[in-house]
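Please treat every number below as a calculation from the coordinates, not as lab data. Please read all numbers here as calculations on a predicted model, not as lab measurements. All Cβ positions, even for glycine, are placed from backbone atoms using ideal geometry, and neighbour counts span all protein chains on display.
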Amino acid sequence: MNLKFVNNLGTIVYTIFFGKEVGKDEIGNRYFIAKNNSLKKWVLYKNDKDPTIIPVNWQLWLTDNNKDFPISKETSKKYSWEKNRVINYTGTLQAYHPAKVFNKQETTNKQKKYKNWTPN
């Protein structure tokens, strides 16, 4: 059995009984509201569970910053200043590290300069 399916099984069952699909984004993620409470919203990811891949207009809708469903082409228009979406690299070798972070060799060099004090 597919592990991703097993991990999402509870959400899928809940969605079947209590959810109403309201839209789908260009990636294939599907968005739902509760049948009896339109304030409860959730997303079923097409592939991996990575919240950073949710398009901005759908993220605004999920967090109640935009009450309209972002299904029109106008709301999904990309502005010139927007960057392309990238996956979350946290915990990988590709993760961002600021330039001021010391690497391991620099710290070992500093440790070698230090001498413990010993009484005579």
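Below is a table of values for the structure above.
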| quantity | calculated |
| --- | --- |
| Per-peptide average of other Cβ atoms within 10 Å, ordering 89-96, 36-43 highest first | 36-43, 89-96 |
| Cβ-based net charge around I54, under 10 Å, with every Lys or Arg adding one and every Asp or Glu removing one | -1 |
| FRET E, pair A95, K20, Förster distance 30 Å, beta-carbon r, rounded to 0.05 | 0.20 |
| Sites I12 and R85, calculated FRET efficiency, Cβ-Cβ separation with R0 25 Å, nearest 0.05 | 0.50 |
| Projected label distance in nm at L39 and K78, using a 7 Å step from Cα toward the beta-carbon | 3.6 |
